[in-house]
Amino acid sequence: MSRKLIAGNWKMNGLRAQGEALARGLAERAAASGPDVEWLVCPPFTLLAPVGEALEGTSVALGAQDCHPQGQGAYTGDIAADMLRDLGCAYVIVGHSERRHGHGERSELVRGKAEAAARAGLKPIVCVGECERQRVAGKTLAVLEEQLADSLPDACPEGLVVAYEPVWAIGTGKTATPADVEQAHGHIRGLLAHRYGEAGRGVRLLYGGSVKPGNAGELLRTPDVDGALVGGASLKLDDFWGIGEAAA
Ligand code: PGA
């Protein structure tokens, strides 16, 4: 399998000076030495241009946190995938639980976004995950199955990434156990193989939800975990770096 993908989701955090400093700091460390991982940062839209400039010519990739399913038009406040590509983005997160829950985004919309990303030449990071109530009811795998069935494009997008993020583990300090993650990722891997055949085996699967330097090692050594999607800890250079080190 390829190098682990260590992706930072900055969410709605950071002004220009902080964002540039964080990106520069990461790129400098990655250039000097460090773990053999693929680094990715996903700042808010407002920081894509300055962070993209700071990362130009470095090994750290740039991604966005969302895109619109349409290529252009009268969609006030929205951002098209082509615009992200134009700023140097290589990835875009779609279907994050904070969009699904906070903005009522349904899987059909997430699929449209993933398709738009693929058309624009971006690698979509499609997020799925069960909430606490569904987990307690023993419905985790069924929820993942349903979300994936409706959120994924019919044809496997080039470079597709799927992130398993249990909603109850996001920003809470609670993490799924390696056994939970192994079961969920194994199930997702099987669904992808069934849906996409050989291409499904090449899809990278990230775990997300309170990943920290202290728990990253065991989570990233779990079978079928190809990287991490990191929220809070990606805002602190030492923590984000520590997660990358734990991955290698
Ligand atoms: P967290 O967020 O690492 O702060 O739990 C993860 C995410 O939402 O992608």
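The values are calculated or read from the model by the stated rules, or taken from the named source; none is laboratory data. Given the structure is predicted, the values throughout are model-derived calculations rather than measurements. We place every Cβ from the backbone using ideal geometry, glycine too, and count neighbours over all the protein chains shown. Protein only, heavy atoms only, side chains kept; ligands, DNA and RNA dropped before computing areas. Shrake-Rupley method; radii C 1.70, N 1.55, O 1.52, S 1.80 Å.
Here is how the numbers come out for the structure above:
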{"quantity": "Förster-model FRET efficiency, 35 Å R0, D154 and T46, C-beta, rounded to 0.05", "calculated": "0.55"}
{"quantity": "Label-point separation in nm, E56 to A137, each point 7 Å along Cα→Cβ", "calculated": "5.1"}
{"quantity": "Positive-end extreme of charge dipole, the range 23-176 - chosen from A31, T46, H103 (charges on Cβ)", "calculated": "H103"}
{"quantity": "In Å², nearest 10: area of C131 left accessible to a 1.4 Å probe", "calculated": "30"}
{"quantity": "Amide H contacts of G8 (H built 1.01 Å from N, under 5 Å, at least 5 apart or other chain)", "calculated": "L40, V41, C42, V230"}
{"quantity": "Cα convex hull of the range 104-188 - mean projected area over all directions, nm²", "calculated": "6.0"}
{"quantity": "Additional length obtainable on full extension of the chain from R3 to A179, 0.36 nm per residue less Cα span", "calculated": "61.2 nm"}
{"quantity": "Prolate/oblate/rounded call for the range 184-248, Cα gyration tensor, a/c under 1.5 rounded", "calculated": "prolate"}
{"quantity": "Estimated Rh, the range 26-69: Kirkwood, alpha-carbon pairs, angstrom", "calculated": "11.3"}
{"quantity": "Full-stretch length increase - A17, Q72 - with 0.36 nm per residue and alpha-carbon distance subtracted", "calculated": "16.8 nm"}
{"quantity": "Only Lys, Arg (+1) and Asp, Glu (-1) charged, at Cβ; the range 126-248 dipole about Cα centre in debye", "calculated": "200"}
{"quantity": "Solvent-accessible area of T172 with every protein chain in place, 1.4 Å probe, in Å² to the nearest 10", "calculated": "70"}
{"quantity": "Percent of alpha-carbon pairs separated by more than 26 Å within the chain", "calculated": "33"}
{"quantity": "Values of log10 I(q)/I(0), in the order q = 0.16, 0.22 Å⁻¹, for the range 1-91 under a Debye, Cα-only, solvent-free model", "calculated": "-0.64, -1.08"}
{"quantity": "The range 197-228 versus the range 79-145: alpha-carbon centroid distance in Å", "calculated": "17"}
{"quantity": "Unit Cα scatterers, Debye sum, the range 114-248: log10 I(q)/I(0) for q = 0.15, 0.19 Å⁻¹", "calculated": "-0.71, -1.10"}
{"quantity": "Dipole in debye (nearest 20) - the range 45-98, about Cα centre, beta carbon charges: Lys, Arg +1; Asp, Glu -1", "calculated": "60"}
{"quantity": "Volume of the Cα convex hull of the range 142-218, divided per residue and given in Å³", "calculated": "98"}
